[in-house]
Structure formats: structure tokens, C-alpha cells
Amino acid sequence: MITGHHQTDAYLWVLEVIKLDEPAHLPAAEMALQKLTITPQEAEQRYRHWLMAQGHEPFIVAFSTIGMDNPQNCIENARRAISKASQVRAHFGSYAAAMEPTEPERLIAQSVFQVDEHYGMTPEEADSGELKGWRIMEVQDARSVAHRGFCDVLPDPHTLSDVVREVEYWDWLYVMRSAASKALGDGFYEHHQCICDREAWLDGKLSTIGPVHQREALAILKWFLRSERHQERGEDNDAVYLNLIGSDGKANQFY
């Protein structure tokens, strides 16, 4: 028992089962959800009031009840997670294997452009091992530039399509490892900084490599507009747009 209200506690239990992302348990959880007489909105409200009564801060209450009133969304998320986990096993054989370095990562480790852990730091920062404020980003950016995209060991793309193919590879690897990490109980996954530096280098190529023809420019533009990571940068995308359509409003090279 959590809140002491049978239907609310049953609803909370069903949500927890759904969030396990276990294919064997999901159908039973869906059936149990249908048998409950309390509505998701009522359950959320009761749980919210119970949390407040226990003295929890409002932001904790808000965070703890996010999505409670939409169990179907939880179910869809579980189905997507189950599908991704299945893809991981099908491609890598096991979750642990998905976390092993790939061939591009092994090549990155051999690059002459690798820098030591104190690169970009002042002597004082290197001694303390601590960076504060904007210095965190400044040092990270300096390391990223120094790595030069590890172009001594990884391919230098010749076309925008080459760039997109590699960006999508790293995105796919991130999705696979995120699913594997969750299945292994390791929680949130993040790419190694070296991969992020390669991605940043590839992003730069989107504004410097001209499109081969109009079809490629249009295809890359559609892909770029769908890319959440790139669209979050806002005005920083102007150079990419100008590269694809030209400063005079016409696509480069083929008009």
C-alpha cells in the first residue's frame, strides 16, 4: 500500500509494471488497467494530494505525477522500448555486446589528434582538476577543435549525403546503447565526448560541403529540418541553410 486508497494504489502499481518494459508483463498490465474503476485523472489527483499531505515540495509532486493521467502514452513508450531492446539483441546478440567499442571508436582511440585530460586548462585548473562556469564549455570546445574530427583515422566525407549517413550512424548507436543501458540497469547513457566531438565536426561539414545537385540539397534540407538536435541550435543553423539554398535564395551549384 502507498496512499491507502485501493484503486489509486492499484493504478500506481500497474503503471510501474508498464514502465518495466517487459514484453511478458505488458499485456497483463493493460488488462489490469481496464479492470480499474478509477480514472487516470482521479488517480493522479489523489496521488498528488497524498504527496502534498506528506510534505513533499511542489516541484517533487509535479515531477512525480508527470504523465500519470495518460497511461496509453506509458504503454506506447513501453512498446517502443521493447522494440528497441529487441533490435539491440538482434543486431549485437546481447546488451553487453552493444556497449563494447565499435570499429570507429577503436580507430578514434588510435588517433594522433587525441589530447590529454588537461588540454585547454590553466595550470591551476589542471592541479585542482576542477572547471567552473563558462570554463567548462571553453575547455570542451578547445578539445573538440583540437580533435579535428579524428579525420586522420575516420573518413573525411566528400558529400553532404556522406555526412548525413555518418550522423545517422551515431544517432542509431546512441538509441541502441540507450536501450541496452536501460536493460542492463545502468540508467542514462551518454556518448563518450570523443563521439560528440566527431558529431560536432560533422555538423560543421553541413555548412561547408556544397550539395552535389538539387535533389541532394532538398533531401538534406528535409532531413535537417526533421533533426531535433540540429533544430535546437536556432540561428546557428543559418550557415547550413545558406549552403543548401544559397544567399540569393537559389540552390548552389546547379542553377
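The values are calculated or read from the model by the stated rules, or taken from the named source; none is laboratory data. Everything numeric here is computed off the predicted structure, so don't read it as measured data. Using ideal geometry, Cβ is built from the backbone for each residue, glycine included, and neighbour counts are taken over all protein chains shown.
Things to note:
- Some residue of the stretch 240-248 being modelled with pLDDT under 95, outside any helix (DSSP H, G or I), on the phi > 0 side of the Ramachandran plot and not β-branched (Val, Ile, Thr): yes
- So VAL167, is it touching a Pro at 6+ places or on another chain (Cβ under 6 Å), surrounded by 16 or more Cβ atoms within 10 Å (Cβ to Cβ) and either small (Gly, Ala, Ser) or closer than 30 Å to SER94 by Cα (or both): no
- Residue in the stretch 171-192 that is surrounded by the most Cβ atoms within 10 Å (Cβ to Cβ), counting only those that are farther than 16 Å from LYS84 by Cβ and either in contact with a strand residue (DSSP E or B) (Cβ under 9 Å, 6 or more places away or on another chain) or touching a residue at least 12 places away in the same chain (Cβ under 8 Å) (or both): HIS191
- At least 1 residues being in contact with a His (Cβ under 6 Å, 6 or more places away or on another chain) and farther than 25 Å from PHE188 by Cβ is the threshold, and among the helices (runs of 4 or more DSSP H) wholly inside the stretch 96-174 those reaching it are 123-128.
- SER111 meets each of the listed conditions (1) in the same structural domain as LEU131 (by TED's automatic domain parsing); (2) exposed (fewer than 15 other Cβ atoms within 10 Å of the Cβ) apart from (2).
- Among the numbered conditions (1) outside the structural domain of ALA179 (by TED's automatic domain parsing); (2) exposed (fewer than 13 other Cβ atoms within 10 Å of the Cβ); (3) free of Cβ contacts under 8 Å to residues at least 12 places away in the same chain; (4) farther than 22 Å from LEU184 by Cβ, the only one that THR37 does not meet is (3).
- A single member of MET1, MET31, MET52 is free of Cβ contacts under 8 Å to residues at least 60 places away in the same chain and within 19 Å of GLU76 (Cβ to Cβ), and it is MET31.
- Exactly one residue among ARG135, ARG80, ARG143, ARG106 is buried (at least 16 other Cβ atoms within 10 Å of the Cβ) and either of a type outside the set (A, V, I, L, M, F, W, C) or under 23 Å from the mean Cα position of the chain (by Cα) (or both), and that residue is ARG143.
- Residue in the stretch 56-71 that is out of contact with any helix residue (DSSP H, G or I) (no Cβ under 9 Å at 6 or more places or on another chain) and at pLDDT 95 or above present: no
- Qualifying residue in the stretch 185-204 (condition: basic (Lys, Arg), part of a loop (DSSP other than H, G, I, E, B) and either at pLDDT 95 or above or over 23 Å from the mean Cα position of the chain (by Cα) (or both)): no
- Unique match (being modelled with pLDDT of 95 or more and either surrounded by 11 or more Cβ atoms within 10 Å (Cβ to Cβ) or outside the structural domain of VAL164 (by TED's automatic domain parsing) (or both)) among GLU235, GLU216, GLU228: GLU216
- Residue within the stretch 48-59 that is within 23 Å of ALA183 (Cα to Cα), surrounded by fewer than 16 Cβ atoms within 10 Å (Cβ to Cβ) and not acidic (Asp, Glu) present: no
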